[in-house]
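Notes follow the structure.
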Amino acid sequence: EPEVTQTPSHQVTQMGQEVILRCVPISNHLYFYWYRQILGQKVEFLVSFYNNEISEKSEIFDDQFSVERPDGSNFTLKIRSTKLEDSAMYFCASSGQGARTDTQYFGPGTRLTVL
Amino acid sequence: GIQVEQSPPDLILQEGANSTLRCNFSDSVNNLQWFHQNPWGQLINLFYIPSGTKQNGRLSATTVATERYSLLYISSSQTTDSGVYFCAVVENTDKLIFGTGTRLQVFP
């Protein structure tokens, strides 16, 4: 069964450093998402991406965050200058027809630790 | 915005017991999904169920959209069922809004 993959599984970085989290969505999917989960809390939406542009973003997704689909298979989340409060599990998801009418499939997550 | 509440927040069961988890949402939704977050943090899709009833092995789910709730049934629970169960809904935008979760612990 096709699945969403994410790398790395765990990233440790120093405060102020840039990090790039990578995702390979399911190959025929068109809608891509990033979510995050701070330890012990619920999962929160960050951004959705369709047709090579952001379709929606949350208040969390400020100027420090950016997303990119650099080629036909990868989808990346960049945090320019990490803060302690960015420590969380980051999930990538994809769907074929958009969240309103289709299942979102989640990757295994990248655990980001900011020291 | 829409509120998604789950109950109970915590549930402790002995292996073999049955359980019902509930998800209430405050407004109409276009989509509802149930997930199991395992102890390694992975989110596993259980059901895509904006309305009606579905079954998959020992798990089944029912969504009554007009009354704004969904139920997840786990029968003959096993220790591998332990983890956190989330429901998540889609309102009028293209994002999932997650509930507060139910933490399930199944003991042998």
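Where a number appears in this text, it was derived from the coordinates with a stated rule and is not lab data. These numbers were taken from a predicted model, which means no experiment stands behind them. Virtual Cβ from ideal backbone geometry, glycine too; neighbours counted across all protein chains shown.
Note on chain B: with a GNM built from Cα contacts shorter than 10 Å, the maximum mean-square fluctuation among B:Thr66, B:Thr20, B:Thr53 falls on B:Thr66. For the protein assembly as shown, the C-alpha radius of gyration divided by 2.2 N^0.38 Å, with N the number of residues, is 1.01. What the phi angles of the range B:70-75 give under the Karplus curve with 6.51, -1.76 and 1.60, with θ = phi - 60°, is a coupling list of 9, 10, 10, 9, 10, 9 Hz, glycine and proline written as x.
With N the number of residues in chain B, Rg(Cα) / (2.2 N^0.38 Å) evaluates to 1.01. Of the residues A:Met89, A:Met15, the one with the fewest other Cβ atoms within 10 Å heads the list, and the complete ranking is A:Met15, A:Met89. Close amide H pairs (under 5 Å, H built 1.01 Å from N) link B:Glu15 with B:Phe107, residues at least 5 positions away or on another chain. Summing charges over neighbours of A:Tyr105, with a neighbour being any other residue whose Cβ is under 12 Å away from its Cβ, gives -3 when K and R count +1 and D and E count -1. Counted by Cβ distance under 11 Å from B:Phe86, the other residues give a net charge of +2, where Lys and Arg count +1 and Asp and Glu count -1.
Result for chain B in a Gaussian network model with C-alpha springs under 10 Å: among B:Asn92, B:Asn30, B:Asn18, the largest mean-square fluctuation is at B:Asn92. Pairs of Cα atoms nearer than 8 Å and 6+ residues apart set the relative contact order; for the range A:9-103 it is 40 percent. Each Lys or Arg adds one and each Asp or Glu subtracts one; over the other residues with Cβ under 13 Å from the Cβ of B:Ser19, this totals 0. Between amide H atoms placed 1.01 Å from N, distances below 5 Å from A:Ser55 occur with A:Ser48, A:Phe49, A:Tyr50, all of them 5 or more places distant or on a separate chain.
With contacts taken as Cα pairs under 8 Å at a separation of at least 6 residues, the range A:1-57 carries a relative contact order of 24 percent. Separation of the range A:32-72 and the range B:55-108, taken as the distance between their Cα centroids, equals 24 angstrom.
Under a model in which nothing but the beta-carbon of Lys, Arg (+1) and Asp, Glu (-1) is charged, the range B:1-100 shows a dipole of about 180 debye around its Cα centre. Around the amide H of B:Ser82, modelled in the peptide plane, lie the amide H atoms of B:Val106, all under 5 Å away and 5 or more residues distant in sequence or on another chain.
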